[in-house]
1. Are there trypsin sites (Lys or Arg not before Pro) in segment 49-122 that DSSP puts in a loop and that have at most 13 other Cβ atoms within 10 Å, and which ones?
2. What 222 nm value per residue comes from the helices of the chain, counting each DSSP H run with n ≥ 4 as -39,500 (n - 2.57) and dividing by all residues, nearest 500 deg cm²/dmol?
3. If the only charges are +1 at each Lys and Arg Cβ and -1 at each Asp and Glu Cβ, what is the size of the charge dipole of the chain around the Cα centre, to the nearest 20 debye?
4. Where does helix 3-22 land angle-wise versus the long Cα axis of the chain, in degrees 0 to 90, nearest 10?
5. Calculate the tail of P(r) for the chain: the fraction of all Cα-Cα distances greater than 26 Å, expressed in %.
6. At a threshold of 8 angstrom on Cα-Cα distance, excluding pairs fewer than six apart, so keeping six or more, what relative contact order does segment 3-119 reach in percent?
7. So for 66, 13, 92, fewest C-beta neighbours within 10 Å to most, what's the order?
8. Cut-off is 10 Å between beta-carbons; in what order do 59, 83 appear when sorted fewest neighbours first?
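Readers should treat all values here as calculations from the given coordinates under stated rules, not as data from a laboratory. Please read all numbers here as calculations on a predicted model, not as lab measurements. Neighbour counts are summed over all protein chains in view; Cβ atoms, including those assigned to glycine, are modelled from backbone coordinates with ideal geometry.
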Amino acid sequence: MSTYRGTLGERGEDIAATFLQTHGYTIQGRNYRCRYGEIDLVCIHGPAMVFCEVKLRRSDRYGTPEEGITPRKLARLALAAQSYLAEHGLEEADWRIDVVALELDRRGAITRIALYQAVGPD
């Protein structure tokens, strides 16, 4: 990943983490990696572990952030979440996948932020 994309991704995760905290989430970790992929944010919200994907777009060239969450992506997130739970002895925990969709203008100002709770593969 280029430095620019990495920096932009980190900024998106920072924005999402702050947004989630204002909505009652507690951030437990960032950028969990395993053989199935990466989970951007690991959180607790109420009684549930939440594995949060952050999708950021600066233009609509590649569609909306939501369009970047494909069934394949959701399936890999679910496998990564199960890997995290097993690694931490939390196999019996309630969990879900949430998505934070961010849109920024060319100057980097937030133009839209949306939270989707309990998304998952069909």
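1. For trypsin sites (Lys or Arg not before Pro) across segment 49-122 that sit outside H, G, I, E and B with at most 13 neighbouring Cβ atoms in 10 Å, the list reads 61, 106, 107.
2. After summing the helix terms and dividing by residue count, I get -10500 deg cm²/dmol.
3. 580
4. Value to nearest ten degrees: 60.
5. 16
6. 23
7. Lowest to highest Cβ neighbour count: 92, 66, 13.
8. Result, fewest neighbours first: 59, 83.
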